[in-house]
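Reviewing the structure listed below.
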Amino acid sequence: MTETIMFRLADDGDPQVLVDLYDAAARWMQRSGIEQWKPGGKSAEHFRLRMKEGEVWLAEAGGHIAGAYELWWTDEPAWGPQPPEAGYVHRLMVDRERAPAGTGRAMLAHAERRIAEAGRTWARLDCLSSNPRLRSYYEGAGYTVVGEQPFKEGGGGSPYAVTLLEKRLGGRPVGG
C-alpha cells in the first residue's frame, strides 16, 4: 500500500522546519559528492520571505514532514523577464529518512497543478548544470531542457551554471 502524501501551505510556525529540511538535504548532497547546497545556506528569514512573496508547500506523510518546495511566480535571475505564463519550482527538498518513495514526483505534480490552477501554461525549474543525475530526474518527470546559462547575481556572476527546464501543462495556452 502506498502512503498518502498530503500538502499544506507553510505557515508562521514552519520556517525552522524548512531550515532543518534544507540543511539535511544539503548534508546529503555533500555526502553524495554534489556541490550545490551547503548546510546553513538558507535561514528562517529566507523561508519567511519566500512565504510572503510566493508559496512554500510542505508534503506530509505518516504524520511527518516528508518534503517541501517553493513556488515562485517570477524568476528573473535565472529566466530573465518573462510574461506571466509560468510558475517556477525551487528548492524541492525531500526528507530522505521519512519520505515515502515517489515524494519528489508527488511534489512536482502538486506544483504543476498549482501552476495550472493559476492559469499558467508552463512549469519551469533550473538545476545545477554539473548535476546530470538531477537533470535526468527532471527529464524523467516530463521536463525539457530549454537552455543553459551562468547564474548572475548583482551583475557579477556565479561559480556555476544552471540548466533551464520547462514542462508544458495541459489546457489552452495563456491568451490562446
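The values are calculated or read from the model by the stated rules, or taken from the named source; none is laboratory data. Note that the coordinates shown come from a computational prediction; the quantities given were computed from them, not determined experimentally. Please note: Cβ atoms are built from the backbone with ideal geometry, for glycine as well, and neighbour counts cover all protein chains shown. With ligands, DNA and RNA removed, areas are computed over all heavy atoms of the protein, side chains included. Shrake-Rupley method; radii C 1.70, N 1.55, O 1.52, S 1.80 Å.
Would you give the gap between the C-alpha center of the range 94-144 and the C-alpha center of the range 1-51, rounded to a whole Å?
15
Need the full-extension length gain, GLU85 to ALA118, defined as separation in residues times 0.36 nm minus the C-alpha distance. One decimal, nm.
10.9 nm
Sum -39500 (n - 2.57) across every DSSP H segment of at least 4 residues in the chain, then divide by the residue count to get the 222 nm mean residue ellipticity, nearest 500.
The helix-only estimate for the chain comes to -9500 deg cm²/dmol at 222 nm.
Relative to the Cα centre, what is the charge dipole magnitude of the chain, using +1 at the beta carbon of each Lys and Arg, -1 at the beta carbon of each Asp and Glu, and rounding to the nearest 20 debye?
Here the size comes out at about 360 debye.
So, by mean Cβ neighbours within 10 angstrom, what's the order for 97-105, 162-170 with the highest one leading? Present the calculation step by step, with values, prior to reporting the outcome.
Values: 97-105: 15.6, 162-170: 18.3.
Per-residue Cβ counts within 10 Å, averaged per peptide and sorted highest first, yield 162-170, 97-105.
Per the 1.4 Å probe, what fraction of the accessible area of the range 20-166, in percent, lies on carbon and sulfur atoms?
48
How much length is gained if the chain between GLN30 and LEU49 is pulled fully straight, taking 0.36 nm per residue apart and subtracting their Cα-Cα distance, in nm to one decimal?
Full extension from GLN30 to LEU49 adds 4.2 nm.
Bin by bin, in steps of 10 Å, what percent of the Cα pairs in the range 22-121 do you find, going until the bin that has the longest distance?
Bin by bin from 0 Å, the calculated values are 15, 42, 36, 8, 0.
For the range 15-76, rounded, prolate or oblate, judged on the Cα gyration tensor with a ≥ b ≥ c (square roots of eigenvalues), a/c < 1.5 rounded, else prolate if a/b > b/c?
Verdict is oblate for the range 15-76.
(i) 9, 34, 33, 18, 6, 0; (ii) 9, 36, 41, 12, 1, 0; (iii) 9, 29, 30, 22, 9, 1, 0: which one is P(r) over Cα pairs in 10 Å bins from 0, in percent as calculated from this entry?
Here P(r) over Cα pairs in 10 Å bins from 0, in percent agrees with entry (ii).
Send over a whole-number figure in Å² for the accessible area per residue of the chain, probe 1.4 Å.
Per-residue value: 53 Å².
Under 11 Å from the Cβ of GLU85, count the other residues' Cβ atoms, weight Lys and Arg +1, Asp and Glu -1, and hand me the total.
Spelling it out: positives minus negatives among the neighbours equals +2.
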